[in-house]
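All remarks here apply to the structure that follows.
The values are calculated or read from the model by the stated rules, or taken from the named source; none is laboratory data. Fair warning: this is a prediction, and the values are worked out from it, not measured in the lab. FYI the Cβ positions are ideal-geometry reconstructions off the backbone, even for glycines, and counts take in every protein chain you see. In case anyone asks, the SASA skips ligands and DNA or RNA and just uses the protein heavy atoms, side chains included. Shrake-Rupley method; radii C 1.70, N 1.55, O 1.52, S 1.80 Å.
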Amino acid sequence: MSIRLIARDLYQVIRALDRLEARWAGARPVERERLGDELRRLRGERDRLRRMLDGHKDA
């Protein structure tokens, strides 16, 4: 995968994460649990993409 594609995917995940965090902040407690699961998934994806991008830059 090229650096450009990884960077684009990372940008999209960060934007989605920002939107979801805003929704989570205003959500009811019942909804926060479901949104929290999605937040954890997106944070993991963000971290994975960052590691890929950092590894690609070192090569």
Q. Quick one: net charge of Trp24's neighbours, Cβ under 9 Å, K/R +1, D/E -1?
A. -1
Q. Relative to the longest principal Cα axis of the chain, at what angle does helix 3-25 sit, 0 to 90 degrees, rounded to 10?
A. 10 degrees
**Q.** Acute angle (nearest 10 degrees) that the helix 29-58 long axis makes with the longest principal axis of the chain, alpha-carbon atoms
**A.** 10 degrees
Q | GNM result for the chain, Cα springs below 10 Å: residue of Glu21, Glu31, Glu45 fluctuating most strongly | A | Glu31
Q | Probe 1.4 Å, all protein chains present, accessible-area order of Val30, Val13, largest first | A | Val30, Val13
Q | Length gained when the stretch Glu33-Ile3 is fully extended (0.36 nm per residue, less Cα-Cα span) | A | 7.4 nm
Q: Determine the relative contact order of the chain: mean sequence separation of Cα pairs under 8 Å and six or more apart, normalised by residue count, in whole percent.
A: 53 percent
Q) To the nearest 0.05, how large is the calculated FRET efficiency for Arg51 and Asp18 if R₀ is 22 Å and r is the Cβ-Cβ distance? A) 0.65
